[in-house]
Amino acid sequence: MDQNHIRNFCIIAHIDHGKSTLADRILELTETVKERDMKAQLLDEMDLERERGITIKLNAVQLSYHADDGEEYLFNLIDTPGHVDVTYEVSRSLAACEGAVLVVDATQGVQAQTLANTYLALDNDLEIIPVINKIDMNNAMPDEVKNEIENIIGLDCSEAPMISARTGQNVKEVLEQIVHKIPAPHGDPSKPLKALVFDSFYDSYRGVIALIRIMDGSLSVGDKIRFMATGAEYEVTEAGIRNPKEVPVRTLGCGDVGWFAASIKSIQDVRVGDTVTNAQQPAEEPLEGYRKMNPMVYCGLYPSDAAKYEDLHEALDKLKLNDASLQYEPETSQALGFGFRCGFLGLLHMDVVQERLEREYDLDLICTAPSVIYHVYLTDGSMQEIDNPAKMPEASRIERVEEPYVKAEIMTSDAYIGPVMELCQSKRGIYIGMDVIDTGRNILTYELPLSEIIYDFFDRLKSCSKGYASLDYELIGYRKEDLVKMDILLNVETVDALSVIIHRTEAYQRGSGITIRLKELIPRQQFEIPVQAAIGGKVIARTNIKSLRKNVLAKCYGGDISRKRKLLEKQKEGKKRMKAVGSVVIPQEAFMSVLSMDDNDRR
Amino acid sequence: MTAARNPSLYVHVPFCASVCFYCDFFRQVYQKETADAWLDALEYELLHTEINDGLETIYIGGGTPSSLSESQLDRLLSLLDPYKIAISEYTVEVNPETLTQDKIDTLLMHGVNRVSIGLQSHDAALLKMMNRHHSFEDVSRLVNQFFACGLSNISLDLMYSLPNQTMESLQRSTELAVSLNPAHLSLYSLTIEENSVFGKQGVRPLDEDTEADMYEWICSYLSKHGYDHYEISNFARDGKESVHNTRIWEYEDFYGFGCGASGKDEKGRYDHPGTLKQYLKDPGARSYIYLTKEERMYESVMMGLRLSRGISRSRFEKRYGNDLTDVYPETIHSLCKEGMLILTEDRLSCSTHGFELLNNVLVRFMEEAEL
């Protein structure tokens, strides 16, 4: 197919505005997928994603569309992930497109992510087609929403299709606009190959499969290729497109979106955003915008059953095949035994990995509170990178501690500026400025310690802005702060997995917050348990978990035996989900409790 | 051969005049025709079951057995007449709303020598909240009626840890109950059963500390008034322990008749599955739960430790061929060290502390048994 008949686009939307439903309808209309013979929301491959309504794994589908002008067009629909942890990956999949279909819910109008995604698309010079969805709903306000889009984003909505992705109403108009409004790819087929990697996954038979968009030149089976950032070279063994099943082709031409395999063993070689070129005839410059993604958040993962350590190791190895940004190495905790310190791009990434381990690999995990990497300068002049509070050197050996700072841009509307600023201030934020983008839309810029963001910043931001704020952040470097390690003692024994590194000025408040939280989480036991927070041996907060006084079934007669035994079995199962640390039995949530201690502050 | 002899027989009467909000037993509101059909089915079940002679105890519970009409009650007791030759204890659960002098006479005529009466509380507001339609005075009158007829082995049920119940209210209820001079008292802390009205209303019992305070007060008050605390929730004077229930806690076999009843024999335990309607259609239907030796040993510990005198090691060994301390060596050792259990030459029993935390104790046994 000649380049003029190719259209590469993505669909962007706020969560639940109907992105996946529209994608499904488009697949049906182009007869790519026959009548629901695939599961609902076909582009979200993993159960987990479907359940959470988010898309993490990118995917691309080729469709052929017979347009009203009588011509046949080739559409490449590229799905995008949607969370701040993966903004960079979103931007790379957008960079593989010439246009974007912006779906806005006619009942809800412009939302925070509508804006964030639109600006990301504009950054990548995409042609944007606004689409008003859910017009079949009783409370739809399509005209108001159109005005809102025009006023807030500044997109002309006079021709915006009014659709119902659910019923399929007017979806064809969207396809026509894709043909007429989105430009064809404009690469040069005669130039050396330049292909953008926008996703990759591991296939146990063929190695890593790279999903690419050809910007210049072409790629054929047998070509020797090079990844320009990593320098890795391979010979292409297979290439193809997905419709959504894999269809092998000999050559991917200029403007095409497809995949290739090259017996690549390590996903480390295939980085999202990297440029693939021909090793014999290399391009001079890679495509712009490549960023190496480094883990920013670390936490300890331990099997709650110590015998499952090897299973956890294997599961991590397997996940790693598909996830270049996941890092882990073995570590040992006095309280939790053998486990792994794992690095993640952000909190969502961490959540998803934990859930996949528990669900797909049937592991029962204990996760410690996330930590950032601290730079600890010792009096002997050396520096240690500390990603685990338990590893913090003795206070007397420390000259200074530096922690990572980020520049955070928070987009929000007038009504929530006050609460958002208050939140940033409470998180040790340094106010940099505020830009008014448009009537009612502002970008607040703050410098914040990363450690404050990885605690409960997202949740707090969402609740203080009613979901009407979006956050993007980037690392800007390390700064010296008065940071100390706070230990938590249960029954007068330090539980290493509960230690945290915090700012000295917040120690008292956090210490009492955490101890109170632990008191709520740890069930009463046969004896009284003091819960203490201490800095360098000095106790700064204390509560007691009272001893359990009565736990006995009131009645147990002849007809009750089965039922009462089940109750006891339930108690036994509950106990299994807890970890015995010394003489104290601790539920798994307790190890994350340092996260949610802000709940107590608010009370 | 007397080995497989059941000492006890239980009949479950699935009818009540009204439904108490804490109850999730198998029961429904009394209707004459249904009760007649139920008696037909029970008769069939009794006739088609081989029942050994020499039964020690019969217990008729429910539901509310006294919700049956006088003639129905007479028929029920007549059905059981053939089995009562060697009976030492014959108990019927009754309540003041449904028990008339006629019915009392019927009970006595058939040899019933123990009654269990639901008092629950003296507090009218609490009784109303539980949907109980009687007063303390009603119970008091009933107790005296029995005394007047020469039946003195009376048990009263009380409840504590009820929503809105204060310590003072519980104390008053207990004092008033004791003032009636019953031989036996059962004091149950409120358990919210999922399928009870309370469970569906989302009612919460009192907090653990208040409950424990109440329990400890009850134990000390009743002991001062001559009641022996022989089981978690049961107290008896002058050796008037419930023989029937003691056999159950000693994990002896027993017959269970009527839908909603369970029984136990040498193979395991059995239930009558399904609804009343199904029971009427097929009174002989039973679903068996076959138990391994490990399970039987565990259940005998689970039941036996409810008694303050605990488990007889020699009887355990006679039954299962193992010494208790060989079956659960680690649990018994560590729980004794923690002061939860007391091991003597012949018995294993709970300390006061272990009694109150019996669930924790039993979970430890369960862990060692790997059930």
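The values are calculated or read from the model by the stated rules, or taken from the named source; none is laboratory data. Owing to the predicted nature of the structure, the values given are computational and were not obtained by experimental measurement. Cβ: placed from backbone, ideal geometry, glycine included. Neighbour counts: every protein chain shown. Each accessible area value is taken on the protein alone, full model and side chains, heavy atoms only, with ligands, DNA and RNA left out. Shrake-Rupley method; radii C 1.70, N 1.55, O 1.52, S 1.80 Å.
At most 12 other Cβ atoms within 10 Å and a DSSP loop assignment: could you name the GluC sites (Glu not before Pro) in the range B:218-318 that fit?
For GluC sites (Glu not before Pro) across the range B:218-318 that sit outside H, G, I, E and B with at most 12 neighbouring Cβ atoms in 10 Å, the list reads B:Glu266.
In terms of solvent-accessible area of protein heavy atoms at a 1.4 angstrom probe, what is the ranking of A:Glu403, B:Glu97, highest value first?
The most accessible residue leads, giving B:Glu97, A:Glu403.
Give me the orientation-averaged projected area of the Cα convex hull of the range B:293-371, in nm², one decimal.
Its Cα hull, projected and averaged over all orientations, spans 4.4 nm².
Can you give the net charge of the other residues whose Cβ lies under 11 Å from the Cβ of A:Tyr468, counting K and R as +1 and D and E as -1?
Surrounding charge for A:Tyr468 is +2.
With Cβ to Cβ distances under 13 Å as the rule, what net charge do the other residues near B:Pro82 carry (K, R +1; D, E -1)?
-3
How much solvent-accessible surface does B:His134 expose, in Å² to the nearest 10, with a 1.4 Å probe and all protein chains in place?
20 Å²
Would any residue of the range B:171-209 have its amide N under 13 Å from a label point 7 Å out along Cα→Cβ of B:Lys128? List them or say none.
In the range B:171-209, the label zone of B:Lys128 (backbone N under 13 Å from the point 7 Å along Cα→Cβ) covers no residue.
Under a crude label model (7 Å from the Cα following the beta-carbon direction), how far is A:Tyr205 from B:Asp238 in nanometres?
If labels sit at A:Tyr205 and B:Asp238, their model points lie 8.7 nm apart.
Considering only the protein assembly as shown, what is the antiparallel percent among its DSSP beta bridges, to the nearest 5?
Approximately 75 percent, going by the DSSP bridge assignments.
Please name whichever of B:Ser196, B:Val178, B:Asn153 sits farthest to the positive end of the charge dipole of the range B:8-248, dipole taken about the Cα centre and charges placed at Cβ: Lys and Arg +1, Asp and Glu -1.
B:Val178
Step through the table entries A:Lys194/A:Lys265; A:Lys555/A:Lys579; B:Lys84/B:Lys267; A:Lys579/B:Lys318, compare each Cα-Cα distance with 28 Å, and write down the pairs that go over it.
A:Lys555/A:Lys579; A:Lys579/B:Lys318
Residues with beta-carbon under 14 Å from that of A:Glu409, excluding A:Glu409: net charge, scoring Lys, Arg +1 and Asp, Glu -1?
-3
Treat each spin label as a single point 7 Å out from the Cα along the C-beta direction, and report the B:Asp53 to A:Asp123 distance in nm.
9.5 nm
Report the relative contact order of the range B:8-248, percent, no decimals, based on alpha-carbon pairs under 8 angstrom and at least 6 residues apart.
19 percent
For the range A:203-310, state which chymotrypsin sites (Phe, Trp or Tyr not before Pro) are in a DSSP loop and have at most 14 other beta carbons lying within 10 Å of their beta carbon.
For chymotrypsin sites (Phe, Trp or Tyr not before Pro) across the range A:203-310 that sit outside H, G, I, E and B with at most 14 neighbouring Cβ atoms in 10 Å, the list reads A:Tyr205.
Take B:Glu194, project a point 7 Å from its Cα along the Cβ direction, then tell me which residues of the range A:542-582 have their backbone nitrogen under 14 Å from it.
Counting backbone N atoms under 14 Å from the label point, the list is A:563-571.
Could you work out the relative contact order of chain A, using alpha carbon pairs under 8 angstrom and six or more residues apart, expressed as a whole percent?
Result for chain A is 10 percent.
Taking the simple approach of a point 7 Å from Cα along Cα-to-Cβ for both A:Leu378 and A:Asp188, what is their distance in nm?
5.6 nm
Nearest 10 degrees is fine. How inclined is helix A:561-576 to the longest principal axis of chain A, computing both from alpha carbons?
The angle comes out near 80 degrees.
Mind listing which GluC sites (Glu not before Pro) in the range B:157-222 are in a DSSP loop and have 14 or fewer other Cβ atoms within 10 Å?
B:Glu194
Just to verify a number: FRET efficiency for B:Met167 and B:Asn144, C-beta to C-beta distance, R0 = 22 Å, to 0.05?
0.20
Once both axes come from the Cα atoms, what is the angle between helix A:112-123 and the longest principal axis of chain A, in degrees from 0 to 90, rounded to 10?
It works out to around 50 degrees.
Using 0.36 nm per residue of separation minus the Cα-Cα distance, give me the extension gain between A:Asn4 and A:Ser64 in nm, one decimal.
Answer, rounded to one decimal: 20.2 nm.
Can you show me the helix-derived [θ] at 222 nm for chain A, built from DSSP H runs with n ≥ 4 at -39,500 (n - 2.57) apiece and divided by the number of residues, rounded to the nearest 500.
Result for chain A: -7000 deg cm²/dmol, rounded to the nearest 500.
State which stretch of chain A is the longest one without any exposed GluC sites (Glu not before Pro), exposure meaning a DSSP loop state and at most 12 other Cβ atoms within 10 Å.
Here the longest run is A:395-527.
Quote the accessible area belonging to B:Phe136 in square angstrom, nearest 10, computed with a 1.4 Å probe and with ligands, DNA and RNA left uncounted.
Only protein atoms counted, so the area is about 20 Å².
Rounded, prolate or oblate, given the Cα gyration tensor of the range A:122-181, with a/c below 1.5 counting as rounded?
Oblate.
Say a paramagnetic label sat at a point 7 Å from the Cα of A:Arg166, along Cα to Cβ; which residues of the range A:88-107 have their backbone N under 12 Å from it?
Only A:106-107 pass the distance filter.
Among A:Tyr73, A:Ile11, B:Ala37, pick out the residue whose Cα is farthest towards the positive end of the charge dipole of the protein assembly as shown, where Lys and Arg carry +1 and Asp and Glu carry -1 on C-beta, about the Cα centre.
The residue sitting most towards the positive pole is B:Ala37.
Let me cross-check A:Arg549: its accessible surface, 1.4 Å probe, with only protein heavy atoms counted, in Å² to the nearest 10?
We get 50 Å² for A:Arg549.
Rank B:Val361, B:Ser334, B:Thr91 by how far each Cα sits towards the positive end of the charge dipole of chain B (+1 on Lys, Arg Cβ; -1 on Asp, Glu Cβ) and give me just the farthest.
The Cα lying farthest towards the positive end belongs to B:Thr91.
Just from the alpha-carbon atoms, what are the Rg and Dmax of the range B:8-248 in angstroms?
For the range B:8-248, the Cα radius of gyration and maximum Cα-Cα distance read 17.8, 52 Å.
How big is the convex hull of the Cα atoms of the protein assembly as shown, per residue, in Å³?
Here the figure is 223 Å³ per residue.
Return the equivalent ellipsoid semi-axes of the range A:196-240 as a descending list in whole Å, where each equals the square root of 5 times an eigenvalue of the C-alpha gyration tensor.
With the √(5λ) rule applied to the range A:196-240, the semi-axes are 16, 13, 12 Å.
Note the angle between two axes, namely the Cα long axis of helix A:19-29 and the longest principal axis of the Cα atoms of chain A, as a number of degrees from 0 to 90, rounded to the nearest 10.
30 degrees
To the nearest 0.05, how large is the calculated FRET efficiency for B:Lys277 and B:Asn181 if R₀ is 56 Å and r is the Cβ-Cβ distance?
Between B:Lys277 and B:Asn181 the formula returns 0.85.
At a Förster radius of 41 Å, what calculated FRET efficiency corresponds to the Cβ-Cβ distance of B:Glu70 and B:His333, to the nearest 0.05?
So, using R0 = 41 Å, E works out to roughly 0.10.
When the helices in chain B are scored as -39500 (n - 2.57) per DSSP H run of 4 or longer and the sum is shared across all residues, what 222 nm value do you end up with, to the nearest 500 deg cm²/dmol?
Only helices count here, giving -12000 deg cm²/dmol.
Mind pulling the per residue volume of the convex hull built on the Cα atoms of the range A:331-396? Å³ is fine.
Considering the Cα atoms of the range A:331-396, their hull volume per residue is 97 Å³.
Quick one: dipole size for the range B:8-248, taken about the Cα centre, charges +1 on Lys/Arg Cβ and -1 on Asp/Glu Cβ, in debye to the nearest 20.
It comes to approximately 400 debye.
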